[in-house]
Amino acid sequence: MALDRAVVAHIAALARIRLAESELEPLAEELSQILTWIEQLNEVETSGVPPMTNAVGGALPMREDNVTDGGCREEILGNAPRTASGFFVVPKVIE
Amino acid sequence: MSEGSLLRLTLADARDGLLRKSFSARELALAYNEAVAETKPLNAYITPTPERALEMAAAADERLARGEALPLDGIPIAVKDLYCTKGVLTTAASHILNGFCPSYESTVTSRLWQAGAVMLGKTNLDEFAMGSSNTTSYYGPVENPWGRQIESQSGDNRPLVPGGSSGGSAAAVAAHAALTATGTDTGGSIRQPASFCGIVGLKPTYGRCSRWGVVAYASSLDHPGPMTRTVRDAAIMLRAMAGHDPRDSTSAPVSVPDFEAALTGNIRGLRVGIPREYRVDGMPQDIEALWQQGAEWLRAAGAEPVEINLPMTKYALPAYYIIAPAEASSNLARYDGVRFGLRIEGSGFEDMYELTRAAGFGAEVRRRVLIGTYVLSAGYYDAYYLKAQRVRTLVMRDFASTFEKVDCILAPTAPSAAFAIGENTEDPVAMYLNDVFTVPANLAGIPAISVPTGLSADGLPLGLQIMGRAFDEETVLSVAGVLEEAAQFRYLPSFRAGALHD
């Protein structure tokens with residue numbers, strides 16, 4: 001399936017990646033090329049075949065609902081680009 | 001011992017030499033620190049850690065002196081820069097993790113340090129492990145220490161890629177700038193660079209080695225594993241890296257055998273599957289011939305090669321290129337400029353997100369995040385993502401029914417030898433095709449190893465691959481050991497540390 005510029009702009013917005021106007025056309029071409037190649041999967045009959053999410057199989061293990069971590073605020077904030085008074089700082093969200 | 005001869009030792013030999021006190025961990029670490037510096041033009045390391053190597057070697061020497069040696073005491077190891085290392089820059093070769101210094105250590109590297117290993121540094125890779133050539137790194141491409149021995153017809157003498165994504169680890173081990181290394185394999189990222197660089201690369205069973213603290217690309221497909229000079233070294237490394245980890249919910253609660261003990265050399269009576277579907281159009285004659293030679297070697301050792309069918313082979317790769325980008329688009333959502341790494345300020349919150357991610361992700365990462373976002377978006381989820389997951393089930397069933405008839409599978413690792421830096425970059429799909437023989441084992445989660453077994457017409461290393469049943473690394477290693485013994489691959493790349501001192 002061929003993607004056009006509008007679709008590329010839409011998925012880039014969903015993915016929160018800013019694209020320049022000039023990047024839309026080449027990306028539309030590249031992504032369309034990949035998707036066209038992927039569409040050979042339509043040759044495979046898959047009705048009644050369950051989807052596989054991982055190689056482990058079965059349900060993931062449960063553990064006791066206990067606190068296992070914490071008390072490491074400085075470490076958590078240590079790599080943040082901006083912090084203040086023990087918090088992450090982000091641009092103003094509410095006017 | 002001279003530096004050159006120290007650098008040529010295998011892990012097993014170095015371990016024994018340290019125990020016999022033929023040399024110290026400090027001498028080994030000094031030789032490797034120098035080797036890392038000497039091979040700098042390869043760009044195999046993003047962050048060398050020579051001081052840490054000496055500190056860890058000193059601690060190992062103390063234990064060795066007390067007669068309390070740990071299994072990997074004094075063994076110098078390179079760590080793919082996808083593993084978080086406490087207090088050491090961890091980049092995933094991406095600009096978006098600019099300056100990131102983890103406050104924790106990945107489970108696998110913790111186990112290695114607890115076993116006495118010595119960290120040489122963090123190796124280069126494709127950005128977020130997305131690539132098959134190590135050319136997508138923000139820190140620049142890695143060069144393969146091997147060069148073509150004869151000029152190609154076009155007179156092309158560009159440096160070659162080491163493969164990817166674990167290209168820095170592969171180049172470092174091949175060039176004697178690390179005794180052994182960790183890699184990760186999501187679609188072939190341990191095995192294909194191992195094949196391109198003439199070393200051994202083992203992707204264990206999914207769940208065998210914990211993913212905790214390894215920067216995520218596609219969680220259901222990511223496999224940590226070792227990259228070494230010999231099959232025995234891979235067995236030793238795997239034992240140290242493996243084991244159940246409650247912090248990774250997909251980590252398998254199974255015991256870790258002594259993999260080295262599986263290398264008996266006895267494969268008599270084993271049935272080895274030769275999959276017809278791996279004979280793809282355009283595969284070079286030398287790879288086809290090597291594959292047949294491999295089957296003959298195993299037959300001569302008493303195994304029985306059996307033709308098998310894996311009809312879903314062709315569809316594994318396109319299924320992978322839906323599933324992996326889908327998981328990546330979700331995993332990489334965490335890079336938002338707020339908690340760690342790069343941040344580009346904008347006029348508001350959304351603006352900051354979009355500018356940060358545009359500046360932080362390279363072209364291939366961006367491409368995969370966009371494909372992943374698309375196949376997961378409303379209206380396309382069933383047609384692409386669910387379809388691919390159903391095909392994944394069929395790939396798994398192919399292997400399940402095959403392993404009722406055979407004990408392991410022999411195939412080429414990659415459809416070509418190393419290519420030049422800059423080749424295969426015009427068309428993303430051409431690059432993806434590198435992984436055609438390796439991706440099926442990731443989808444199924446089964447163990448697979450690449451062993452260097454011959455040279456191409458151009459004099460470049462070629463690997464053969466053994467795949468086995470889930471959690472049967474012992475058979476995989478055992479058969480790989482026989483291949484290695486038969487192949488007698490003794491070639492070394494022309495560019496390597498210590499070559500002048502030999």
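No value in this document is a laboratory result; all are computed from the given coordinates. Small disclaimer: the values here were computed from a predicted structure and weren't measured. Cβ sites come from the backbone with ideal geometry, for glycine too, and all protein chains shown count toward neighbours.
Over 28 Å apart at the Cα level, from the set B:80/B:387; A:92/B:122; B:203/B:387; B:122/B:314, are B:80/B:387; A:92/B:122; B:122/B:314.
So what is the relative contact order for chain A, in percent, with contacts set as C-alpha pairs under 8 Å and at least six apart? Walk me through the numbers before you get to the answer.
Numbers: 37 pairs, mean separation 19.5, N = 95.
Answer for chain A is 21 percent.
Couplings 3J(HN,Hα) for the stretch B:108-114, derived from phi with the Karplus relation 6.51 cos²θ - 1.76 cosθ + 1.60 (θ = phi - 60°), are 5, 5, 3, 4, 5, 5, 5 Hz, where x marks Gly and Pro. Of all DSSP beta bridges confined to chain B, the antiparallel ones make up roughly 65%.
Packing, taken as the mean count of other beta carbons within 10 Å per residue, orders the peptides B:380-392, B:467-479 from highest to lowest as B:467-479, B:380-392.
Give me the log10 of I(q) over I(0) for the stretch B:33-190 at q = 0.10, 0.12, 0.14 Å⁻¹, as the Debye formula computes it from C-alpha points; what are the numbers? Cα-only, vacuum Debye calculation for the stretch B:33-190: -0.36, -0.51, -0.67.
Amide H to amide H distances under 5 Å link residue B:121 with B:49, B:79, where only residues 5 or more positions off or on other chains count and H is placed in the peptide plane.
With runs of 4+ DSSP H residues as the only contributors, calculate the mean residue ellipticity of chain A at 222 nm using -39,500 (n - 2.57) per run, divided by the residue total and rounded to the nearest 500. Walk me through the numbers on the way to the answer.
Values: 3 runs with 33 residues, N = 95.
So the helix-based figure for chain A works out to -10500 deg cm²/dmol.
Report the Rg/Rh value for chain A, based on alpha-carbon coordinates and the Kirkwood definition of Rh. Walk me through the intermediate numbers first.
Details: Rg = 22.4 Å, Rh = 19.3 Å.
Dividing the radius of gyration by the Kirkwood radius yields 1.16.
Each pair of Cα atoms in the stretch B:371-448 enters the Kirkwood radius, and Stokes-Einstein at 25 °C and 0.890 mPa s then converts it into a translational diffusion coefficient of 163 µm²/s.
Its residue count N sets the reference 2.2 N^0.38 Å, and the alpha-carbon radius of gyration of the stretch B:342-395 equals 1.54 times that reference. Once amide H atoms are built 1.01 Å from N in the peptide plane, which residues 5 or more positions from residue B:212, or in another chain, come under 5 Å H to H? The list, which skips near neighbours in sequence, is B:107. Summed over all non-identical Cα pairs, the Kirkwood treatment of the stretch B:399-502 gives a radius of 15.7 Å.
Per residue, the convex hull spanned by the alpha carbons of the protein assembly as shown comes to 163 Å³. Along the stretch B:331-343 the Karplus relation, 6.51 cos²θ - 1.76 cosθ + 1.60 evaluated at θ = phi - 60°, assigns HN-Hα couplings of 4, 7, 5, 5, 7, 10, x, 9, 9, 6, x, 5, 9 Hz to successive residues, with x for each Gly and Pro.
Fewest first, what order do B:416, B:255, B:94, B:166 take by the number of other Cβ atoms within 10 Å?
Neighbour counts put them in this order, fewest first: B:255, B:416, B:94, B:166.
As a test of the formula, what do you get for chain B when each DSSP H run with n ≥ 4 contributes -39,500 (n - 2.57) and the sum is divided by the residue count, at 222 nm and rounded to the nearest 500 deg cm²/dmol?
It comes out at -11000 deg cm²/dmol, rounded to the nearest 500.
For chain A, find the longest principal axis of its Cα atoms and tell me its angle to the long axis of helix A:5-14, 0 to 90°, nearest 10. So the inclination is approximately 20 degrees.
If you count the DSSP beta bridges with both ends in the stretch B:1-138, what percent of them are antiparallel, to the nearest 5? DSSP beta bridges in the stretch B:1-138 are roughly 45 percent antiparallel.
Counting only Cα atoms, the size of chain B along its three principal axes is 64, 54, 53 Å, in decreasing order.
Among the GluC sites (Glu not before Pro) in the stretch B:95-200, those located in a DSSP loop and surrounded by at most 16 other Cβ atoms within 10 Å of their own Cβ are B:151.
How big is the Rg/Rh ratio for the stretch B:13-93, C-alpha atoms only, Rh by Kirkwood, two decimals?
Numbers: Rg = 13.6 Å, Rh = 13.6 Å.
Radius of gyration relative to Kirkwood radius: 1.00.
For the stretch B:50-59, 3J(HN,Hα) computed residue by residue from phi via the Karplus equation (6.51, -1.76, 1.60; θ = phi - 60°) reads x, 5, 4, 4, 5, 4, 5, 5, 4, 5 Hz, glycine and proline entered as x.
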